[in-house]
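The values are calculated or read from the model by the stated rules, or taken from the named source; none is laboratory data. Model, not experiment: these values are computed from the prediction. Note that we place each Cβ from the backbone using ideal geometry, even for glycine, and neighbour counts take in every protein chain shown.
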Amino acid sequence: MDTYHHVSFYTRKSRSNKSSESDIYLRVTVNSKRSDMSIGRKVDPRKWNVNSEKMMGRSQEAQELNNYMDVLKNKLKRIQQTLLEKDQRITATTLIRELKGIGKNKSKMTLEVFKEHNEKMDRLSGKSISKSTAKRYWTCYNHLEQFLKEVYKTEDFRMKDIDHQFITRFEYFFKNYKKV
């Protein structure tokens with residue numbers, strides 16, 4: 001498995017002229033296959049150094065842009081390392097997709113998921129579940145909301161962070177504060 005990738009930055013001169021700024025693109029090459037993406041930044045073509053693939057000068061604008069491009073390179077290295085650890089195939093397209101966050105599930109929040117569930121149960125209320133059951137779901141939602149505020153000092157909690165400790169704390173909260 002070849003794990004080498006090359007990262008470069010370039011500007012698109014065909015879409016600019018001397019008086020306007022050029023878009024900056026990131027190119028990732030793995031096994032002679034390349035994939036490009038815009039980094040969402042622009043630069044005056046006269047201030048772009050083609051050889052160093054950076055903005056020339058020591059202005060704050062140049063430093064911020066060059067630092068941003070370094071951050072992107074470092075993110076790509078971390079993504080590659082993660083893919084290697086997971087023993088996944090590394091391609092230029094995969095690296096770009098991971099960098100953009102395409103295909104990743106947005107981290108769902110506990111109360112958000114619970115609310116969606118309860119709204120579905122409300123629609124089933126009186127049909128396949130009783131109205132009192134739907135009401136109990138909302139009571140549990142309110143208890144969870146209070147638990148998060150009192151114990152974790154937060155408005156919501158990421159689903160992927162729920163672990164055994166979270167569950168036992170919630171159980172303890174019920175038994176000691178809600179007398180359930």
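Take the residues in segment 122-139 that are in contact (Cβ under 8 Å) with a residue 12 or more places away in the chain and within 25 Å of residue 175 (Cα to Cα); name whichever of them is surrounded by the fewest Cβ atoms within 10 Å (Cβ to Cβ). Spell out how you get there, then give the answer.
We begin by selecting, within segment 122-139, every residue in contact (Cβ under 8 Å) with a residue 12 or more places away in the chain; these are 122, 133-134, 137-138.
Right, trim to within 25 Å of residue 175 (Cα to Cα) and you get 133-134, 137-138.
Details: 133: 12, 134: 19, 137: 19, 138: 15.
Across segment 122-139, the extreme among qualifying residues is 133.
In segment 1-22, how many residues are out of contact with any strand residue (DSSP E or B) (no Cβ under 8 Å at 6 or more places or on another chain), modelled with pLDDT of 55 or more and closer than 23 Å to residue 76 by Cα?
So the answer is 1.
Taking segment 18-64 as the region of interest, how many residues are farther than 25 Å from residue 91 by Cβ and in contact (Cβ under 8 Å) with a residue 40 or more places away in the chain?
2
Of all helices (runs of 4 or more DSSP H) completely enclosed by segment 98-174, which ones contain at least 1 residues that are among the hydrophobic types (A, V, I, L, M, F, W, C), within 30 Å of residue 81 (Cβ to Cβ) and outside the structural domain of residue 78 (by TED's automatic domain parsing)? Even if it seems obvious, please write down each step before you answer.
On the way: elements: 110-124, 131-147, 164-173.
The qualifying helices (runs of 4 or more DSSP H) are 164-173.
The rows are residues; the columns are (1) closer than 23 Å to residue 101 by Cβ; (2) among the β-branched types (Val, Ile, Thr); (3) surrounded by 13 or more Cβ atoms within 10 Å (Cβ to Cβ).
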position	(1), (2), (3)
29	yes, yes, yes
32	no, no, no
41	yes, no, yes
46	no, no, no
75	yes, no, yes
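So which pairs qualify, if the first residue must be in segment 69-94 and outside any helix (DSSP H, G or I), the second must be modelled with pLDDT of 90 or more and of a type in the set (Gly, Ala, Ser), the Cβ gap must be under 9 Å, and the two must be at least 6 apart or on different chains?
Final answer for the pair search is 91/35.
If you go through segment 39-68 one residue at a time, how many are polar (S, T, N, Q) and either assigned to a helix (DSSP H, G or I) or at positive phi (or both)?
Filtering segment 39-68 for residues polar (S, T, N, Q) gives 49, 51-52, 59-60, 63, 66-67.
Among the residues that remain, those that are also either assigned to a helix (DSSP H, G or I) or at positive phi (or both) are: 60, 63, 66-67.
Within segment 39-68, residues that are polar (S, T, N, Q) and either assigned to a helix (DSSP H, G or I) or at positive phi (or both) number 4.
From the residues in segment 89-119 that are within 26 Å of residue 33 (Cα to Cα) and of a type in the set (Lys, Arg), which one is modelled with the lowest pLDDT? Don't jump to the end; show me each part of the working.
Taking segment 89-119 and keeping what is within 26 Å of residue 33 (Cα to Cα), we get 89-104.
Next, from what is left, pick out any that are of a type in the set (Lys, Arg): 89, 97, 100, 104.
Details: 89: 87, 97: 90, 100: 86, 104: 59.
Only one residue fits best here, namely 104.
What number of residues within segment 156-174 satisfy the criterion of being free of Cβ contacts under 8 Å to residues at least 12 places away in the same chain and surrounded by 10 or more Cβ atoms within 10 Å (Cβ to Cβ)? Steps first, please.
Initial filter on segment 156-174 (free of Cβ contacts under 8 Å to residues at least 12 places away in the same chain): 161, 163-168, 171-172.
Restricting the remaining residues to those that are surrounded by 10 or more Cβ atoms within 10 Å (Cβ to Cβ) gives 161, 166-168, 171-172.
Final tally of qualifying residues: 6.
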